[in-house]
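Notes follow the structure.
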Amino acid sequence: MSSARLATSQFTTSFATRPAVVASAPGRVNLIGEHTDYNGGPVLPAALERRTAVAAAPSDGWRFVSSVDGAVHEVDVDAPLRRDWTDYLVGTVRELRAGGAAPAGALVAVAGTVPIGAGLSSSAALTVAAARALSLLAGRSLSPTELVDVAFHAEHDQVGVRCGRMDQTIAAHGQRSTALLLETASGTLRRVPFGGRLWIVETGVSHKLTGGALNERWRECEEALELIRGWRPGLRHLAQLTPSDLAEVARRLPPPLVPRVRHVVTETARTRAAAASLAAGDLAAAGRLLVEGHASLGVDYRSTIEEADFIVERAVERGAYGARLTGAGWGGAVVVLAPAEREGRILAEVSRDFGDQFGRVPEAWSTRAAAGVRREALPTVAE
Ligand code: GLA
């Protein structure tokens with residue numbers, strides 16, 4: 001069932017009335033460019049076919065329900081956050097309000113097919129879809145760029161996750177058969193045609209970003225930047241450094257910060273090279289860069305996990321062009337780029353190997369690059 005139908009169905013079940021508006025936004029897979037977006041570097045994500053939908057209708061107060069547990073929450077959007085999924089909606093409402101684009105209150109139902117905690121950006125799918133649906137209720141039609149701002153500030157400033165802008169940007173600007181090279185320092189978007197299939201293998205290890213390891217890495221990167229400015233006063237972002245700066249970085253920074261900077265710098269170069277390879281149709285070259293990126297996440301950024309390392313190694317052994325842990329890490333999913341004629345066999349073999357090693361079969365599914373946020377026609381039948 002489509003995410004729009006799922007959300008509409010949840011809405012009518014919970015509120016015994018029909019929604020006035022339904023909007024949906026996709027999860028994302030990041031092909032490469034990990035932990036570069038909060039360091040002024042490039043990222044190369046694609047929107048998933050899996051989406052999160054938000055169904056809403058005007059109301060006096062705020063009531064939220066998600067299909068995950070079906071419980072209706074009566075929420076005071078001015079009260080302190082509750083530290084659960086409703087914070088993402090409250091954050092979105094507050095940011096919309098600041099721009100005069102929020103309704104006075106709403107009934108909101110959320111449902112969809114983006115796995116939660118799998119590094120596929122279920123949170124940005126939610127905030128971007130909610131920003132679209134709720135602003136429509138307020139009679140406003142925000143541009144994709146305005147939606148990115150609302151959703152980014154909702155997650156970054158309200159919920160307090162030290163994320164960059166990658167997830168919200170692809171959720172709002174995604175396009176079919178296209179990956180997006182986003183240069184986060186300048187905000188430049190370049191569309192890179194990619195009509196192929198991407199495989200997602202979920203490690204089954206769930207991550208939670210709020211207050212966690214991502215914030216710690218962000219702090220390390222901030223600290224490194226501050227120290228490097230001691231001898232490079234004009235430096236705005238770590239991603240502005242080049243590989244030739246790394247020897248000096250290694251001499252002058254405290255040892256634990258050196259590999260973090262090295263990852264950002266080498267990943268920046270790999271991401272631009274991967275975009276060029278993809279644009280040239282050289283999937284083998286792009287795949288090699290993915291594998292190098294994964295190695296860098298392991299050795300330098302320390303954000304991988306054993307299950308992901310295993311999937312990457314086996315996928316490559318079995319003939320994939322490349323694979324890497326996608327998203328923040330410390331859990332989540334691996335993206336696999338494989339030759340079309342062999343992908344089914346490769347995935348079956350990797351799943352079997354994983355089962356032998358970890359005693360469970362991983363969720364594995366494929367997607368093509370899909371479209372970004374959209375208003376959905378109201379489904380006529382709500383099952
Ligand atoms: C999370 C954040 C993104 C990005 C990635 C790591 O998904 O939300 O902004 O920082 O981690 O690349």
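The values are calculated or read from the model by the stated rules, or taken from the named source; none is laboratory data. Please read these numbers as outputs of a predicted model, since none were measured by experiment. Cβ: placed from backbone, ideal geometry, glycine included. Neighbour counts: every protein chain shown. Keep in mind that these areas ignore ligands, DNA and RNA; they rest on the heavy atoms of the full protein, side chains included. Shrake-Rupley method; radii C 1.70, N 1.55, O 1.52, S 1.80 Å.
Going by the conditions given, is Ala101 within 16 Å of the ligand (Cβ to nearest atom) and farther than 23 Å from Gly187 by Cα? Steps first, answer last, please.
Numbers: within 16 Å of the ligand (Cβ to nearest atom): no; farther than 23 Å from Gly187 by Cα: yes.
Taking the combined requirement at face value, the residue does not satisfy it.
Here the range 315-334 is the region considered, the condition is being surrounded by fewer than 22 Cβ atoms within 10 Å (Cβ to Cβ) and not in a loop (DSSP other than H, G, I, E, B), and the residue that is nearest to the ligand (Cβ to nearest atom) is Val316.
Out of the residues in the range 41-67 meeting the condition of being surrounded by fewer than 24 Cβ atoms within 10 Å (Cβ to Cβ) and under 23 Å from Ala286 (Cβ atoms), tell me which one is nearest to the ligand (Cβ to nearest atom).
If we filter the range 41-67 for residues that are surrounded by fewer than 24 Cβ atoms within 10 Å (Cβ to Cβ), which is where we start, we get 49-50, 57-63, 65, 67.
Then keep just the ones that are under 23 Å from Ala286 (Cβ atoms); that gives 49-50.
On the way: Glu49: 19, Arg50: 16 Å.
Looking at the filtered set, the residue picked out is Arg50.
Run down Leu209, Leu214 and say which single residue is open to solvent by 20 Å² or more (accessible area, probe 1.4 Å), modelled with pLDDT under 95, touching a Cys at 6+ places or on another chain (Cβ under 9 Å) and within 14 Å of the ligand (Cβ to nearest atom). Just a single option satisfies the conditions, and that option is Leu209.
On the basis of being open to solvent by 30 Å² or more (accessible area, probe 1.4 Å), at positive phi and in contact (Cβ under 8 Å) with a residue 24 or more places away in the chain, does Gly70 make the cut? Reasoning before the result, please.
Values: open to solvent by 30 Å² or more (accessible area, probe 1.4 Å): yes; at positive phi: yes; in contact (Cβ under 8 Å) with a residue 24 or more places away in the chain: yes.
For Gly70, the condition - open to solvent by 30 Å² or more (accessible area, probe 1.4 Å), at positive phi and in contact (Cβ under 8 Å) with a residue 24 or more places away in the chain - is met.
Somewhere in the range 333-343, is a residue farther than 29 Å from Arg262 by Cβ and without any contact (Cβ under 8 Å) to a residue 12 or more places away in the chain? Among the residues of the range 333-343, at least one is farther than 29 Å from Arg262 by Cβ and without any contact (Cβ under 8 Å) to a residue 12 or more places away in the chain, which makes the answer yes. Taking the range 248-273 as the range and being crowded, with 16+ Cβ neighbours inside 10 Å and assigned to a loop (DSSP other than H, G, I, E, B) as the test, only Leu253 passes. Taken over the range 126-182, the criterion of being farther than 24 Å from Thr271 by Cβ, of a type in the set (S, T, N, Q) and open to solvent by 20 Å² or more (accessible area, probe 1.4 Å) is satisfied by Ser141, Ser143, Gln158. Condition check: farther than 21 Å from Trp330 by Cα, open to solvent by less than 50 Å² (accessible area, probe 1.4 Å) and either within 15 Å of the ligand (Cβ to nearest atom) or in a helix (DSSP H, G or I) (or both). Does Asp245 satisfy that? For Asp245, the condition - farther than 21 Å from Trp330 by Cα, open to solvent by less than 50 Å² (accessible area, probe 1.4 Å) and either within 15 Å of the ligand (Cβ to nearest atom) or in a helix (DSSP H, G or I) (or both) - is met.
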